[in-house]
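The values are calculated or read from the model by the stated rules, or taken from the named source; none is laboratory data. Since this is a predicted model, take the numbers as computed values, not measurements. Cβ sites come from the backbone with ideal geometry, for glycine too, and all protein chains shown count toward neighbours. The protein model used for the area step is the full one, side chains on, heavy atoms only, and it has no ligands, DNA or RNA in it. Shrake-Rupley method; radii C 1.70, N 1.55, O 1.52, S 1.80 Å.
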Amino acid sequence: MKRNTTTAAVALLTLLAGSVAQAIESSPSSRAPAVAAADHLLELSGARVRVESTWVLSQPLAAGERVELARPLLVGSALHSEGFQPMKDARGAIVALSARHALAAGVHRLQLSTPLAQARTQLPMPHSPCVNRVRLERSLRFEPTAGAGLRHRMGILVADDIEQAARRQADRLLDGRHAHRRLGAIYVRGGALKGTLESSKTHHGQALLFIGGLFVLISAGLGLAYRRLTRAVDGERVDLFLEQELGADLHALEKKS
Amino acid sequence: MTHTMNLLGELVEMMGGRHRPSEKLRSRPAQLAVGAALASLAFAAVWGLAAGAGQVSLALQNVYKVPLVVLLSSLVAAPAGLLTLKLWAPGYEGRSMLLSFAVATFSGTLVLAVVSPLLALYFHSSAWAGPMLGVGSVVLALLVAVVVFIRGSLARIPEGVSKAGTLVAALSFMAMQLAVMMQLIALAAPILTDSALFTGGIDQVVVE
């Protein structure tokens, strides 16, 4: 009888432990990160940057389930998404996104609008070790800071901790099996994008100013050269004329003297 | 004024490839080359003004942007072209090749200037044909410049100099100029009111 009771107690404990473990596993805070890869396409629109983000969910999300952001999105940023609702902290910064309804695994899109000055740090990157791909339209330009851990690799910028396999897997998740190299893309993990973001117009404006100065100098130089050459040609014409008209007489005079 | 007209007249004659400047006037080829460069700037400015006809600010900016693209791309192309000439066609005088190059640039920009009134009119009156004509005039100008350059450099080829080598040098001039031009256009964009051609430079060509 005693042995039976002990066996039943052990079985009950085992069952309890199993349920607790299952409950812990399925709780939102301890589940494996739901986002497998993310893409952020940045475009300048007036004085603000419009970000079109794509999240690839590796597993379904239940309604109300949260995905924490790697960095909070400060006040002044507006986020819209069909599937997600922004969750704000006491200061009003968006710290997480909550599923509006049950979301299937796969691609989900978000739109963010943020002032240009903050745009670099204002990307909806999930708090997860997944690879984030950041792409810039021609209206924007990104310059990484020294020691940012980003390396140039044949037309793309990749963080040191991202291996080629991880990058290619992220590309495949975002673009499909036949994903091709996205020239100019930046690959980082969880909010580690350090550098300067500026409008291409501002950047090109500085270069154009320098080139414009060079152009003015060269044009002035050409003008001066042309004047000198014209004088030289006029002189040569006079010499030629004199030689043609008076050549014989001059030779005769030279011989006499 | 007479000087300028004489110069322009001689440059137009040289576009045919047969005319050669007088050998007795040693400074004349250099004067023609520099004169061709300056005239090219003026013609390019006229085209720029017409290409920006839709917006006053763009038209005014184009007055220096387009000549800038033409002048700087030519200047950057010249050393590479001359080096190729030295390696592939020894015996061909650099000055002679530079004169052909300047005349080709002159002829290309002359085409642009000639089309300018039509371009300005179309930019004002047609949303579709204006940009098309803008891009079309650039393509036509490039074609004319290429033909004039190749014909001119082959016509001035000295005896004993390889024709193929001269062609390689001419191609090197053109390739270098086009490569530089593409990036300068990207830097100077916008030039046309409604066209995105080359505004992204080489990145646009490779990615799109």
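Values as computed for the structure displayed
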item	result
Of all residues in the range B:8-51 being open to solvent by less than 70 Å² (accessible area, probe 1.4 Å) and at pLDDT below 85, the one that is nearest to the other protein chains (Cβ to nearest Cβ)	B:25
Flag if residue A:102 is of a type in the set (A, V, I, L, M), surrounded by fewer than 14 Cβ atoms within 10 Å (Cβ to Cβ), over 20 Å from residue A:69 (Cβ atoms) and without any contact (Cβ under 8 Å) to a residue 40 or more places away in the chain	no
Criterion violated by residue A:196 - all others in (1) among the β-branched types (Val, Ile, Thr); (2) in a helix (DSSP H, G or I); (3) in contact with a strand residue (DSSP E or B) (Cβ under 9 Å, 6 or more places away or on another chain) satisfied	(2)
Tally of residues being open to solvent by 50 Å² or more (accessible area, probe 1.4 Å) and in a strand (DSSP E or B) across the range A:37-71	8
Sole exception among (1) part of a strand (DSSP E or B); (2) at pLDDT below 90; (3) hydroxyl-bearing (Ser, Thr, Tyr) for residue A:128, by number	(1)
Residue list for the range A:162-172, filter: closer than 13 Å to residue A:129 by Cα and open to solvent by 90 Å² or more (accessible area, probe 1.4 Å)	A:163
Meets criteria (more than 8 Å from every other protein chain (Cβ to nearest Cβ), open to solvent by 60 Å² or more (accessible area, probe 1.4 Å) and part of a helix (DSSP H, G or I)) for residue A:214	no
Condition check for residue A:107: crowded, with 16+ Cβ neighbours inside 10 Å and in contact (Cβ under 8 Å) with a residue 24 or more places away in the chain	no
Tally, over the range B:131-148, of residues that are out of contact with any Ser or Thr (no Cβ under 8 Å at 6 or more places or on another chain), crowded, with 16+ Cβ neighbours inside 10 Å and more than 12 Å from residue B:111 (Cα to Cα)	2
Some residue of the range A:173-189 being loosely packed, with under 12 Cβ neighbours inside 10 Å and among the basic types (Lys, Arg)	yes
Matching option when the condition is under 27 Å from residue A:57 (Cβ atoms) and touching a strand residue (DSSP E or B) at 6+ places or on another chain (Cβ under 7 Å), among A:167, A:151, A:172	A:167
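Rundown of residues vs (1) more than 18 Å from residue B:148 (Cβ to Cβ); (2) touching a residue at least 40 places away in the same chain (Cβ under 8 Å), yes/no style:
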site	(1), (2)
B:8	no, no
B:13	no, no
B:17	no, yes
B:22	yes, no
B:32	no, yes
B:36	no, yes
B:40	no, yes
